[in-house]
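A short reminder: the numbers here are calculations on the coordinates, not readings from a lab. Owing to the predicted nature of the structure, the values given are computational and were not obtained by experimental measurement. In this analysis, Cβ positions are derived from the backbone assuming ideal geometry, glycine residues included, and neighbour counts consider all displayed protein chains.
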Amino acid sequence: MENVSMDDEGDDYYEEESAELYAGDGGGGGGISLAGVWWDNKALEIAEEVILSFDGDLKMYAFKTLPNFTIQVRIEKLSNRSGSPSMEDIEAFSRTYRARLDEAELAKSLPENLSLEVSSPGVERIVRVPHELDRFKDRPMYVKYFSETAETGLISENDGVFRLVSFDVETKCCVWGLADVRINREKAGKGRPLSKKQRQWQLNTPFDSLRLVRLNNP
């Protein structure tokens, strides 16, 4: 069984809408998540071999196995600034991987009737810090972060839609400004642009205070 999906229209093909993304979840958050079944390492090994056959243009963004004999793969296209593959890219990877899975099933190194689902990373993909900050620096990002209140020393969780001003891998810090998006403009008044105060506002965050950074879907 094989499914392909372009989920850049906002519908998440794999996760429930209420599920919160996190880095390394094997879904919208990218990375690898194995179910711990006897065949999942072999399935991953084959997927990694298949992705190499596309001459470096495609990369595996996420890989996940489920106990119900399902493999979920999200691929990205490195030559596309947004990282989104075309439907043709998804279908080409899916066909090649499906053929290799069928061979492994015949050889009894994988169980029969594995279900394969292939998709793009999604319009609100996780941005991996610091590795992908430069790649997506021109895109508005939704950021969830921890901060300490100076007066009380209490840690609180905050969020916002920001633009990346700068980052430093040596000091492991980011500087953010408010992104010029509707949710921020509305705080200045309906139909108004960002205020001068909003344009000048900046936030410094250590890398380890960032709980979630993902692309923001306007």
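At-a-glance table
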quantity: Linear extension gain, residue 195 paired with residue 69, 0.36 nm per residue minus alpha-carbon span; calculated: 40.0 nm
quantity: ³J(HN,Hα), Karplus 6.51/-1.76/1.60, whole Hz, each residue of the stretch 135-146, x for Gly, Pro; calculated: 4, 10, 4, 8, 9, x, 10, 8, 10, 10, 8, 9
quantity: Förster radius 45 Å - calculated FRET efficiency between residue 138 and residue 109 (Cβ-Cβ, nearest 0.05); calculated: 0.50
quantity: Helix-only CD estimate at 222 nm, as mean residue ellipticity for the chain, using -39500 (n - 2.57) per DSSP H run (n ≥ 4); calculated: -5500 deg cm²/dmol
quantity: Zone residues, the stretch 101-143, relative to residue 49, backbone N less than 14 Å from point 7 Å out along Cα-to-Cβ; calculated: 101-110
quantity: Proxy reagent accessibility, fewest Cβ within 10 Å first, across 201, 38; calculated: 38, 201
quantity: Folded to 0 to 90 degrees: helix 40-52 orientation relative to the chain principal axis, Cα; calculated: 80 degrees
quantity: For the stretch 112-153 versus the stretch 187-218, the gap between their alpha-carbon centres in whole angstrom; calculated: 15 Å
quantity: Within straight-line cross-link reach of residue 42, lysines at Cα separation under 17 Å, skipping those fewer than 8 residues along the same chain; calculated: 64, 108
quantity: Rg in Å to one decimal, and Dmax rounded to a whole Å, for the chain via C-alpha atoms; calculated: 20.0, 66
quantity: Estimated inter-spin distance, residue 175 and residue 204, nm [label 7 Å along Cα→Cβ]; calculated: 0.9 nm
quantity: Degrees, to the nearest 10: 87-106 long Cα axis against longest axis of the chain; calculated: 40 degrees
